[in-house]
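See below for the structure under consideration.
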């Protein structure tokens, strides 16, 4: 075939290649099997249900946000993997939440750390004193963000409902009992 009659090769579609590269690769398995938001007054009830279902506490942490503080609890179990995350929003003006120490004594240090760095008070904690900071520390807690750096719930959790779940709901009980059977575990 002469060069004149040869069909030109189709050039690769650069626009499609660029789109593929720009699309974020979202992991299918996030590292936990169930997570929910709870009202502060429902925390102890939810934690008690997790304790009865043989979960253990991994950690307690805090996130400074526009809406206030999000206190985050991670749980798992040895007998049957299934990580659960509980998220509780509390106000910045009155950063207080019940301590889970009486149910999970290992929470003591985690709660003290959140108290040190964010000023969150855990009511019922037996020894809420500084863990890492100097007891004489003056000034605001060191991990508070500047107003301009605060993110809101929709920025951190887009396409997600932030309505608190009741630990008495069928959904909550079903999810904590079946969380290790999530299909997403096999898609990481």
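Odds and ends about this structure:
- Computed on the range 31-181, with alpha-carbon pairs under 8 angstrom and 6+ residues apart, the relative contact order is 29 percent.
- When peptides 131-144, 161-174 are sorted by average Cβ neighbour count within 10 Å, with the highest value leading, the order is 161-174, 131-144.
- Here the simple spin-label model places points 7 Å from the Cα toward Cβ, and for residue 134 and residue 103 these points are separated by 3.8 nm.
We did not get these values from a lab; they are worked out from the coordinates using the rules stated. It should be emphasised that the depicted structure is a prediction, and the values quoted were computed from it without experimental measurement. For neighbour counting, all protein chains shown are included, and Cβ atoms are generated from backbone atoms with ideal geometry for every residue, glycine included.
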